[in-house]
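Encoded as C-alpha cells, the structure appears first; notes follow it.
Read-outs throughout are calculated quantities, based only on the coordinates presented, and are distinct from any laboratory measurement. Keep in mind it's a predicted model, so treat the numbers as computed, not measured. Here Cβ is always computed from backbone atoms with ideal geometry, including for glycine, and neighbour counts include all displayed protein chains.
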Amino acid sequence: MSNLNTTQPTNAATDQVSTARRLPELVHDVAGWLRKHGVLKVHARYEGQDVGIIFMGTDEQNLPKPTAIEAARSIRSALRSILESRYPDATKSGGASGHFEWDLADGTLQHEHVVTVTYHGI
C-alpha cells in the first residue's frame with residue numbers, strides 16, 4: 001500500500017488566500033457563535049463522504065448542543081465545497097482522506113489531503 005500526500009496546486013499562495021476568504025464568507029455567522037463560546041480551532045477529519053468535526057477551545061462546556069450541531073452542519077458543507085473544488089473526485093473515491101484545521105484566532109485554514117492507492121499483482 002502506498003500513501004501519496006498531495007500538495008497544494010501550483011498557485012498555492014493564491015489558493016490559500018482565496019480559501020481563507022471563502023471559508024469566513026461561507027460560515028461568517030458560525031465563526032461568531034464559535035468565538036463567543038470560546039472555540040479557538042475547528043478540526044475536521046474526512047474519509048470519503050464522512051466528515052467528523054471537533055471544536056477546540058478554552059471551555060468546551062459552554063458550546064450549547066444546538067449551536068454545535070448547526071455549526072458543524074455549516075462547516076461540514078463549507079469544507080465539502082472547498083474539498084470538491086480542489087479535488088473533484090475526492091468524495092467519490094474510497095481512498096481519499098484528510099483533514100482541515102481552521103484557526104479562528106488567526107484566520108487560517110490548513111488542509112491536508114491524502115490519497116491511498118493499493119497496487120495488486122506487483
Residues of type lysines that Lys65 reaches as a straight line, Cα spacing below 16 Å, ignoring anything fewer than 8 places off in the same chain: Lys36
Point-to-point label distance, Glu112-Ile54, nm (Cα→Cβ direction, 7 Å offset): 1.2
